[in-house]
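First comes the structure, then the notes that go with it.
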Amino acid sequence: MSTLAFSIGSSTPRKLIISATLPSNLNTSQASTIKISSHQHKTSHEIENPILFRRREAIGISFCCGLLGALLPKEAEATEAIPCELTVASSGLAYCDKIVGSGPEAVKGQLIKAHYTGKLENGKVFDSSYNRGKPLTFRVGVGEVIKGWDQGILGGDGVPPMLAGGKRTLKLPPELGYGIRGAGCKGGSCVIPPASVLLFDVEFIGKA
């Protein structure tokens, strides 16, 4: 186990509260530098070798496309920027749909896939499936994840079910998260402190 939440990377998911470990680097980045040569007068060798010219031209086009992609905001980041007014259900779970999906809703006991980013109330990210590049797979509604996740995806108590392709923000009171015990506790400190309110950005991908 290398993650805090939801038994990521395990073929047999376990409850969040017992699978918590300190997450590895959440923010990793790599910088690369590409040197672009300025235009020069063509030599006789370059004129006689059009394949070389076409290859350089293709590299230049690829670089421009890559640069454009780097400058455009990532889909997950753009979704997080969407204003979201939370609605509080009778259970205490608050939710807001950033994107309403168009696929089928999940069925209790069904194996599903979901991406997520988990944050403390102060905005600190404690876990993210996006950073690992792999969604969480689990059976919904049978206690394999914390209560707030089951209710937040399946619906109930005034919360509408999520549809596949949808993105929803969930705000969990402690009793629907890790409760008074917290999670990832070691040596007197916890990744998720006891009685924490948790925020999750959840993307319901669909049936696994």
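Of all the criteria given as (1) touching a residue at least 40 places away in the same chain (Cβ under 8 Å); (2) not in a strand (DSSP E or B), the one not satisfied by Phe138 is (2).
Give the residues of the range 157-196 that are in a strand (DSSP E or B) and under 16 Å from Ile112 (Cβ atoms), sorted by residue number. Matches in the range 157-196: Leu163, Lys167, Arg168, Leu170.
Selection of the range 147-156 for residues being surrounded by 22 or more Cβ atoms within 10 Å (Cβ to Cβ) and either of a type in the set (Gly, Ala, Ser) or part of a loop (DSSP other than H, G, I, E, B) (or both) yields Gly148, Gly152.
Checked against the criterion of being outside any strand (DSSP E or B), at pLDDT below 95 and charged (D, E, K, R), the candidates Glu85, Glu144 yield just one match: Glu85. Within the range 141-155, can one find any residue that is acidic (Asp, Glu) and farther than 23 Å from Thr87 by Cβ? Yes; the residues of the range 141-155 include at least one that is acidic (Asp, Glu) and farther than 23 Å from Thr87 by Cβ.
Assess whether Gly92 counts as being assigned to a loop (DSSP other than H, G, I, E, B), touching a residue at least 60 places away in the same chain (Cβ under 8 Å) and at positive phi. For Gly92, the condition - assigned to a loop (DSSP other than H, G, I, E, B), touching a residue at least 60 places away in the same chain (Cβ under 8 Å) and at positive phi - is met. One residue stands out among those in the range 156-208 that are more than 16 Å from Leu86 (Cα to Cα) and aromatic (Phe, Trp, Tyr): the one that is farthest from the chain's Cα centre (by Cα), which is Tyr178. Of all residues in the range 117-135, those satisfying the criterion of being in a strand (DSSP E or B) and among the small types (Gly, Ala, Ser) are Gly118, Ser128.
The values are calculated or read from the model by the stated rules, or taken from the named source; none is laboratory data. As the structure is a prediction and not an experimental result, all values here were calculated from the model. Note: ideal-geometry Cβ built from the backbone for every residue, glycine included; neighbour counts use all protein chains shown.
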